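**Student:** Sharing a structure here in structure tokens format.
The values are calculated or read from the model by the stated rules, or taken from the named source; none is laboratory data. It should be emphasised that the depicted structure is a prediction, and the values quoted were computed from it without experimental measurement. Every residue, glycine as well, gets a Cβ built from its backbone with ideal geometry; the counts of neighbours run over all protein chains shown. Please note that ligands, DNA and RNA were not included when accessible areas were found on the heavy atoms of the full protein model with its side chains. Shrake-Rupley method; radii C 1.70, N 1.55, O 1.52, S 1.80 Å.
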Amino acid sequence: MNANPTLADARRLSDAAASLIERALERARGVTESGKRIDDHQVLVERVAYAATQARAAAELCDAVEESRGAGIDGATCAAAVAELARSLIARLEPALDDLGLGDGELDRAFPAELRALLRAAGHESVLRAIGRHCAQTRGRNDWPLDELHDQVRSAVREFGEKEVAPEAERIHRSDALVPESFIRGMAELGYFGLAIPEQYGGSGMGNLAMILTTEELSRASLAAAGSLITRPEILTKALVQGGTDEQKAHWLPKIAAGEIMVGISVTEPDIGSDVAGVKCRAERRGADWLINGPKAWCTFAGRADVLAVLTRTDPDPASGAKGLSLFIAPKDRFDGHAFEMVQPGGGRLVGKADATPGYRGMHSFTLNFENYLVPGANLVGGEGGIGRGFYLQMAGFAAGRLQTGGRACGIAQAALEKTAEYVVDRIQFAIPLSEFQLTQYTLGRMTAMLASSRAITYAAARAMDGDERAAAPLAAQAKLLACDMAVELTQMGQLMHGGWGYAEEYPISRYVVDAQVLPIFEGVKPILELKVVGRSLLAD
Ligand SMILES: Cc1cc2nc3c(=O)[nH]c(=O)nc-3n(C[C@H](O)[C@H](O)[C@H](O)COP(=O)(O)OP(=O)(O)OC[C@H]3O[C@@H](n4cnc5c(N)ncnc54)[C@H](O)[C@@H]3O)c2cc1C
């Protein structure tokens, strides 16, 4: 057994996984006619899409470790993480080998006996236990290597999160209070809302990695009380950058960058969720302006928000599908309770009621009803040319939302890892700290490795989004997919490590568990992401 696996070992395993996935994708393209018949093979596509995501994370982790030249993440952690991913993707593909027209021979070709031995060695419990011991010693500290500029960004946000947000997180969660204004003001002063907004529009233009590091550190302090505040402005920003008129960009982006306006995103309806093209909420012309009518659901932060980005149907023919949708920026007053009613001077009404949720408190997600709600014509995103383009602009926004959510997932998982490391060092049972039990060390090692993979693919997606956003959108979806599952699993592993106290509200791990559970649901619920975003992009010719 190789007791100390290296980056070179990790790379060999990652390359083998990539070659297996390449074969599986090639066959899946044939079976689904290049993705045209995904719905006839949903289970198969789900397997292949997820396995391909794991292979991508393995490759990104190897790249990150190579670039860092061993600073921060060592070769053994990289190899153990890649071994975890490779084992999981083999198990995922194995039941589908016949349907893909690949036999056991394909597995043997990708992972011959020598590589299977390496797989066992790299993921051996002794390796994971050593990683776990290190995690306990450092209390799970995140020292992922970054260049100087990004390191400074992370340190500054970490300080803000620890000083300002973390002390309030428990109170906000337990009383379901709204995010305090002081957080929004503080974040605005520090420029957090403008990180990914181009300088010409008042942002700092520092790019998506700085934005993701900020979101991650804020989510480490609290997913709901601060970590999710940048997500909505980001979604609207991307829609505006992609399809807004010059006047709209000049008007809205500086306000978003300055944190002057808070944004709600209103796509989902009581009867319409994943099938976004089926949105029914209507927008009809009233002179030069528009009247919005209809219910919406799950509009997060809608009470406090100054504007709602509302996806509406402007073509009354339901057969127009996605092509009949347009995006509006609807201004509204601020409200801080769990319910509100806004009446416009002309009689238009917007009524909102927050739905109670087990976690993600502080952001408050509302069911809404628009009644003849007047929106100025100037607020149709893209102007007259934006009629019928709402779906596509919304999807551009969602790519940013998914990247954001990958960052949020890494942040909450980091918090869970640190609190678990602290707990197992302090808690004594059978006269020794829990951290000295082999199984505890092994679990901490796995948690560390899982988080490293998710962080690698999320940061890679952030960098890719700085280039060609459209081309990078599927990678952002993959990052979201993997990181959100990881956060759910990791927080639950941490809870178990806390024993009974992990179920007590006074220990933050119980909050991390309920907060993390929402991550695979919003910004593209997991199965839809797998089939219609990741699967579709990987299977297209
Ligand atoms: C706390 C919270 C905050 C949210 N915030 C916002 C927000 O700010 N703005 C907003 O617009 N929305 C928001 N949402 C809504 C969220 O985006 C939706 O819940 C999500 O898109 C799924 O829609 P749905 O709930 O209607 O589920 P459905 O679409 O009804 O899906 C239910 C299940 O069926 C599966 N399914 C559906 N169609 C298919 C298919 N074709 N093939 C296979 N499986 C399928 C889904 O994957 C899912 O698992 C929020 C949700 C929550 C819980």
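**Student:** With unit charges on the beta carbon (Lys/Arg positive, Asp/Glu negative), name the residue among GLY35, ALA91, LEU253 whose Cα is farthest towards the positive pole of the charge dipole of the chain.
**Tutor:** Checking the options against the dipole of the chain, the answer is GLY35.
**Student:** Hey, what's the range 1-96 come to in accessible area per residue, 1.4 Å probe, Å²? Intermediate values should be presented prior to the final figure.
**Tutor:** On the way: 3950 Å² over 96 residues.
Heavy-atom SASA per residue in the range 1-96 reads 41 Å².
**Student:** OK, next. Using unit Cβ charges (K, R positive; D, E negative) and no other charged atoms, how large, in debye to the nearest 20, is the dipole of the chain about its Cα centre? Write out the running numbers ahead of the final one.
**Tutor:** Working: 57 positive and 70 negative charges, 96 e Å.
With Lys and Arg at +1 and Asp and Glu at -1, about 460 debye.
**Student:** While we're looking at this one, here's another question. Which percent of the accessible heavy-atom area of the range 174-304 goes to carbon and sulfur, probe 1.4 angstrom? Kindly include the intermediate steps, with their values, before the conclusion.
**Tutor:** Numbers: 2070 of 4290 Å².
Answer for the range 174-304: carbon and sulfur cover 48 percent of the accessible area.
**Student:** In square angstrom, what is the accessible area per residue of the range 133-286 with a 1.4 angstrom probe? Present the calculation step by step, with values, prior to reporting the outcome.
**Tutor:** Working: 6110 Å² over 154 residues.
Accessible area per residue, the range 133-286: 40 Å².
**Student:** Test of understanding: what is the full-extension gain from ALA431 to ARG141, defined as 0.36 nm times their sequence separation minus their Cα-Cα distance?
**Tutor:** Numbers: separation 290, 0.36 × 290 = 104.40 nm, distance 2.61 nm.
My answer for the length gained is 101.8 nm.
**Student:** Shifting gears a bit: Rounded to the nearest 10 Å², what accessible area does ASP315 show when all protein chains are kept and the probe is 1.4 Å?
**Tutor:** 60
**Student:** In 5 Å bins starting at zero, report the fraction of Cα pairs in the range 489-541 per bin as a rounded %.
**Tutor:** 4, 20, 19, 13, 11, 11, 9, 7, 4, 1, 0
**Student:** Next question. Using 7 Å Cα-to-Cβ label points, what is the GLU159/SER182 separation (nm, one decimal)?
**Tutor:** About 1.8 nm, to one decimal.
**Student:** Report the accessible area of PHE183, computed with a 1.4 Å probe over the heavy atoms of all protein chains in place, in Å² rounded to the nearest 10.
**Tutor:** 10
**Student:** Pull out the extension gain between ARG120 and GLN152, defined as 0.36 nm times the separation in residues minus the alpha carbon to alpha carbon distance; nm, one decimal.
**Tutor:** Numbers: separation 32, 0.36 × 32 = 11.52 nm, distance 3.85 nm.
Length difference between fully extended and current span is 7.7 nm.
**Student:** Using a Cα-Cα cut-off of under 20 Å, which lysines could be cross-linked to LYS238, ignoring same-chain neighbours fewer than 8 residues away?
**Tutor:** The qualifying lysines are LYS249, LYS255, LYS323, LYS480.
**Student:** Turning to a different aspect of this structure: With the contact rule set at Cα under 8 Å and sequence spacing of 6 or more, what percent relative contact order holds for the range 110-213? Write down the numbers at each step before the final one.
**Tutor:** Details: 47 pairs, mean separation 17.4, N = 104.
Rounded, it is 17 percent for the range 110-213.
**Student:** For the range 415-491, report the convex hull volume of the alpha-carbon atoms normalised per residue, in Å³, without decimals.
**Tutor:** Numbers: hull volume 5.6 nm³, N = 77.
Taking only Cα atoms, the range 415-491 has a hull volume of 73 Å³ per residue.
**Student:** Sort TYR442, TYR512 by heavy-atom solvent-accessible area, probe 1.4 angstrom, most to least. It would help to have the intermediate numbers written out before the result.
**Tutor:** Values: TYR442 70, TYR512 15 Å².
Most to least solvent-accessible, the answer reads TYR442, TYR512.
**Student:** Among 528-538, 276-286, how do they line up by average Cβ neighbours within 10 Å per residue, starting with the highest? Could the numbers behind the result be given before it?
**Tutor:** On the way: 528-538: 22.0, 276-286: 17.7.
Averaged packing, sorted descending, gives the order 528-538, 276-286.
**Student:** Place the peptides 406-415, 518-527, 207-216 in order of packing, highest mean first, counting for every residue the other Cβ atoms within 10 Å and averaging per peptide. Before the final figure, lay out each step's value.
**Tutor:** Values: 406-415: 31.1, 518-527: 19.9, 207-216: 26.8.
Those peptides, ordered most packed to least, come out 406-415, 207-216, 518-527.
**Student:** OK, next. At 4 °C and a viscosity of 1.567 mPa s, what translational diffusion coefficient does Stokes-Einstein give for the chain, taking Rh as the Kirkwood radius over Cα pairs? Give it in µm²/s as a whole number.
**Tutor:** Values: Rh = 23.9 Å.
Taking Rh from Cα pairs, D becomes 54 µm²/s.
**Student:** Counting pairs of alpha carbon atoms under 8 Å apart in space and at least six apart in sequence, what relative contact order in percent does the range 377-479 give?
**Tutor:** Values: 65 pairs, mean separation 33.8, N = 103.
Computed value for the range 377-479: 33 percent relative contact order.
**Student:** I'd like to compare 18-24, 501-507, 477-483: which one has the highest average count of other Cβ atoms within 10 Å, and what's the full order after that? Each step should come with its number before you reach the end.
**Tutor:** On the way: 18-24: 19.1, 501-507: 13.7, 477-483: 30.9.
Most protected by this proxy first, the peptides run 477-483, 18-24, 501-507.
**Student:** May I ask for the distance between the Cα centers of the range 96-130 and the range 473-541, given as a whole number of Å?
**Tutor:** Computed from Cα coordinates, the inter-centre distance equals 26 Å.
**Student:** Treating cross-link reach as a plain straight distance, find the aspartates and glutamates whose alpha-carbon is under 13 Å from the alpha-carbon of LYS526, omitting any fewer than eight places away in the same chain.
**Tutor:** Straight-distance partners of LYS526: GLU46, ASP485.
**Student:** If you count only protein heavy atoms with a 1.4 Å probe, what accessible area per residue comes out for the range 333-479, rounded to a whole Å²? Intermediate results must be reported in sequence, preceding the final value.
**Tutor:** Working: 5430 Å² over 147 residues.
With the other protein chains kept in place, the range 333-479 gives 37 Å² per residue.
**Student:** Need the full-extension length gain, VAL43 to LEU496, defined as separation in residues times 0.36 nm minus the C-alpha distance. One decimal, nm.
**Tutor:** On the way: separation 453, 0.36 × 453 = 163.08 nm, distance 3.06 nm.
The VAL43-LEU496 span can extend by a further 160.0 nm.
**Student:** Excluding residues fewer than 8 places away in the same chain, name every one of the lysines whose C-alpha is closer than 24 Å to that of LYS353.
**Tutor:** Counting by Cα, and skipping residues close in sequence, LYS353 has these lysines nearby: LYS280, LYS296, LYS332.
**Student:** What does the charge add up to near ARG154, with Lys and Arg as +1, Asp and Glu as -1, over the other residues with Cβ less than 9 Å from its Cβ?
**Tutor:** Net charge around ARG154: -2.
**Student:** Put a dot 7 Å past each Cα toward the Cβ at MET342 and ASP271; how far apart are the dots in nm?
**Tutor:** 2.6
**Student:** Find the relative contact order for the chain and round it to a whole percent, using C-alpha pairs within less than 8 Å whose residues are 6+ positions apart.
**Tutor:** 18
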